[in-house]
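Coordinate-derived values only; no laboratory data. Since this is a predicted model, take the numbers as computed values, not measurements. In this analysis, Cβ positions are derived from the backbone assuming ideal geometry, glycine residues included, and neighbour counts consider all displayed protein chains.
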Ligand code: HEC
Ligand code: HEC
């Protein structure tokens, strides 16, 4: 038979162990989120200001592609170029294939001159690619909250600087 004294001692001991563990594993609510502020209010939330490149088109340094055939980030200032409207697309004013070389801009790639629905080559940029900023964005210079450990692997040596989507689109498809 276990005595009452032993039972009480065991109960007290287990209570210590339980609370001891609980205390050492507790995080305050403010520590839980990436913002490190109260989770239930936006009052103290201050986002870092965005800081886009102010370097003019023609003088900027292009970014490495994030992965093979990723849409490249816009490396230059886009002040006065956005929004793109039906009547005005200044991006095409420099990146259209017939103009690009003269202003030392990268020409839109072959995939932008192709209709993927009808599988037809187009003479001009596809209307599906007209709204450049739908896929291409400038990059803000802010410190990431969580480090990105993704390592891209490129099949071609210049894959981080050039695209060839239309050539490889059907790779692996029979
Ligand atoms: C005045 C000419 C001009 C205009 C307008 C312009 N760009 Fe550019 N863009 C360039 C040049 C030149 C480069 C090459 C980098 C440099 O010299 O600054 C470039 C680079 C880029 C790149 C990077 C290409 C790469 O190979 O990595 C992208 C993406 C881009 N521009 C998209 C746009 C978009 C979208 C717009 C419209 C919002 C736009 N550009 C408007 C001239 C222009
Ligand atoms: C639907 C998404 C989408 C739209 C809209 C779009 N692009 Fe792209 N762009 C991409 C992707 C994805 C790539 C890389 C893969 C490839 O070659 O298509 C790319 C590549 C590029 C490149 C790099 C070319 C090279 O040879 O390295 C330039 C420059 C570019 N786009 C400019 C533009 C401009 C200017 C517009 C607007 C007229 C535009 N894009 C509209 C998705 C888009």
- Note on the structure: Under the helix-only model (-39500 (n - 2.57) for each DSSP H run of 4 or more, divided by the residues of the chain), the mean residue ellipticity at 222 nm, to 500 deg cm²/dmol, is -6000 deg cm²/dmol
- Query: What does the highest-first list of 95-103, 138-146 look like by mean Cβ count within 10 Å?
  - Reply: 95-103, 138-146
- Would you calculate the separation in nanometres between label points at residue 137 and residue 44, each defined as 7 Å from the Cα along the Cα-to-beta-carbon direction? 2.8 nm
- Message: Give me the three principal axis extents of the chain from the C-alpha atoms, as integers in angstrom, largest value leading.
- Response: 94, 48, 30
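Checking the a/c ratio against 1.5 first, then a/b against b/c, what shape does the Cα gyration tensor give for region 110-174?
Oblate shape, in that a/c is at least 1.5 and b/c is the bigger or equal ratio.
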- Query: Peptides 56-67, 26-37: what's the order by average Cβ count within 10 Å, highest mean first?
  - Reply: 56-67, 26-37
- Task: Quick one, can you get me the convex hull of the C-alpha atoms of region 49-142 expressed as volume per residue in Å³?
- Result: 119 Å³
